[in-house]
1. Within region A:211-224, which residues are in a helix (DSSP H, G or I) and either touching a Leu at 6+ places or on another chain (Cβ under 7 Å) or among the small types (Gly, Ala, Ser) (or both)?
2. Identify the single condition in (1) part of a loop (DSSP other than H, G, I, E, B); (2) within 14 Å of chain B (Cβ to nearest Cβ); (3) touching a strand residue (DSSP E or B) at 6+ places or on another chain (Cβ under 7 Å) that A:Lys267 does not satisfy, given that it satisfies every other one.
3. Under the condition of being at positive phi and modelled with pLDDT under 95, which residue from region A:56-83 is least open to solvent (accessible area, probe 1.4 Å)?
4. Looking at region B:174-195, is at least one residue within 14 Å of chain A (Cβ to nearest Cβ), touching a helix residue (DSSP H, G or I) at 6+ places or on another chain (Cβ under 9 Å) and within 18 Å of B:Ser290 (Cα to Cα)?
5. Name every residue in region B:90-105 that is outside any helix (DSSP H, G or I) and open to solvent by 50 Å² or more (accessible area, probe 1.4 Å), in order of residue number.
6. Can you tell me which of (1) in a strand (DSSP E or B); (2) open to solvent by 60 Å² or more (accessible area, probe 1.4 Å); (3) at the interface with chain B (Cβ under 8 Å from one of its Cβ atoms) is the one A:Asp284 doesn't meet?
7. Between B:Leu86, B:Leu172, B:Leu108, B:Leu140, which is open to solvent by less than 20 Å² (accessible area, probe 1.4 Å), within 29 Å of B:Glu272 (Cβ to Cβ), of a type in the set (A, V, I, L, M) and within 21 Å of the chain's Cα centre (by Cα)?
8. Is it true that A:Glu266 is open to solvent by 20 Å² or more (accessible area, probe 1.4 Å), at pLDDT 95 or above and in contact with a Ser or Thr (Cβ under 8 Å, 6 or more places away or on another chain)?
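The values are calculated or read from the model by the stated rules, or taken from the named source; none is laboratory data. Computed from a prediction, not measured in an experiment: that's the story for all the values here. Glycine gets a Cβ as well: all are built from the backbone with ideal geometry, and neighbour counts include every protein chain shown. To get the accessible areas, we keep the full protein, side chains included, count just its heavy atoms, and leave off ligands, DNA and RNA. Shrake-Rupley method; radii C 1.70, N 1.55, O 1.52, S 1.80 Å.
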Protein chains: 2
Amino acid sequence: MGFGNVGRAFLSLVNEKEVLCKERYGLDIRFVAIFRRDGAWVNSALLSTGDILERISSENYSPKVFYWITGFRLLEALESCEPGVLVECTPSHIRDGEPGLTHIHKALERGWHVVTANKGPLVMDFARLKDKAKRNAVALKISGAAAAALPTLDVALYSLAGAEILRIEGILNGTTNFILTRMKEGVGYDEALKEAQAKGIAETDPSLDVEGWDTASKLLLIANLCLQKNYSLDDVKVEGITTISPQLLQQGREEGKALKLLGTMEKQGEDETRLVVAPGIIDDSHPLFSVEGTNKGIIFNTDSMGSVTVIGGKSDPRGAAAALIKDIIHIYHYHFH
Amino acid sequence: MGFGNVGRAFLSLVNEKEVLCKERYGLDIRFVAIFRRDGAWVNSALLSTGDILERISSENYSPKVFYWITGFRLLEALESCEPGVLVECTPSHIRDGEPGLTHIHKALERGWHVVTANKGPLVMDFARLKDKAKRNAVALKISGAAAAALPTLDVALYSLAGAEILRIEGILNGTTNFILTRMKEGVGYDEALKEAQAKGIAETDPSLDVEGWDTASKLLLIANLCLQKNYSLDDVKVEGITTISPQLLQQGREEGKALKLLGTMEKQGEDETRLVVAPGIIDDSHPLFSVEGTNKGIIFNTDSMGSVTVIGGKSDPRGAAAALIKDIIHIYHYHFH
């Protein structure tokens, strides 16, 4: 569901990875249908992804094999089709979560596994969605929404299994990190933002990024899963980069330090957690000091495994698509083996 | 099996993590027996780990509940006991892999899952061991042998699932990195080595570390699992840090660069891979530049997820113990759910 940048990148990458998925994982991903808001392509003959791509680009639809149905809605299809995996890639609205929220609820109720790159529904209602997935014995996988190709949840839940995560600190938003990197190089905020927009890094309305809400959303998802809590965005103290004083940056530059937008989770007791998004000055001994441009990074401080830092991961629709495929591989491995 | 530093740390950490393992994973780890070369403690009543620790430290053994049997051998026990998980922590011998190799083969044959921190058997005979585990539908988990608390295999196989790993570069040995860090600070090689030995970081015979074989072993395990190949140590070009010229270090220092012992895997074609361990000079833009002291780090370059760097992880017996517990949690999750 959703055929924007991420949805399209996902379709392409599934095609590119067809042989690898079959040979390495025994997995053959086929699209039953591809939904947009205004209708859907239906792949009745379960054509290969390569075939679909060709037909979509050449508008070569054939009735009974691969065809477009105007007005065909995902919710109808979830009712009538045999369950599979819903890949939810509609735009993210972090204040009401729609339309993704309704899609995901419905899919889980009907026994579909869900993988999503859409933060909105998760930020809004993750506890209920997770619970619904559990009750219906299906998976809800959200790597694509939690920093995508930078492995955050995998490391927290899988690589650090058995350890207690006491503190998390991350640069979780590529757009603001790009702007801050350019500002460090002497460019003003407005100019840096325009550059980011020109490069397609920042959106026309950049407020979610620059005001810190995108970082807050990812921090919230990671923190809730790590700590098995149900914090909401209201529990996160959020400050963006729009009000950073030139003096602060100037000072950082002179001292060889860097200004970053940091999302921080800190356990302060069994039932108390500090969740903060705010610009912070770090020096060159900080593990995230060298995270520049659209790169991202995260530090986990634990009780028994020490501190683990992860940096990088492709920060574009192809990276998000790779995270979606990864989640599908994990679902296949766990639920169908 | 094996009650040295790692075995003891494992017992303690299982005790410390008892509540967490039960609450978070529904897992209650109990020791059936603890083997040393010269015999074993047998825990007939399946006493809690806390009880065992107390009895071992106070030598308060009680017949029919918890007792020591001189000469009781692991291989006998594997024959007669109901299968569980063998935790293999005997010292690592990378030239013949014994006694761990025989232990692990036998355990897998008898339907035991195996987790190990022992590189030797894996470097010697991983392909056959893996195959045996598969045929017997049991797990062979080796996080403890592949950089322990630094997640290397998890990231490669789980977090990067679906991506192709084209290149790996890592600082995989804490002892040599400690020595090189001290040398960068102006200390000579011999003195730095002595310091490392005094701190318990380097062993009395440090040759496996300083000649690069420990790094080569970890690189080999990671590369073989990532690429699904069966390379052997003979395929790795290995150079250690014993012959580093003071001039090279001096030069690096002056230019603000760092000398590191790097393990590198580079795919050069479908069936050609370059595997090299050698000292290398890196500058401050390199993601591993700030990996100092006994810290470790690894970079994965991939086709669809970009570059992912992981740094840190506790570099001591407690870190290795945490990696063993993690592997047991994964086995439990996958095989008993």
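1. Scanning region A:211-224 gives A:Asp214, A:Thr215, A:Ala216, A:Ser217, A:Lys218, A:Leu219, A:Leu220, A:Leu221, A:Ile222, A:Ala223.
2. Of (1) part of a loop (DSSP other than H, G, I, E, B); (2) within 14 Å of chain B (Cβ to nearest Cβ); (3) touching a strand residue (DSSP E or B) at 6+ places or on another chain (Cβ under 7 Å), only one is false for A:Lys267: (1).
3. The residue in question is A:Glu59.
4. yes
5. Correct list: B:Pro91, B:His93, B:Arg95, B:Asp96, B:Glu98.
6. (1)
7. Matching residue, one of B:Leu86, B:Leu172, B:Leu108, B:Leu140: B:Leu172.
8. So A:Glu266 passes the test.
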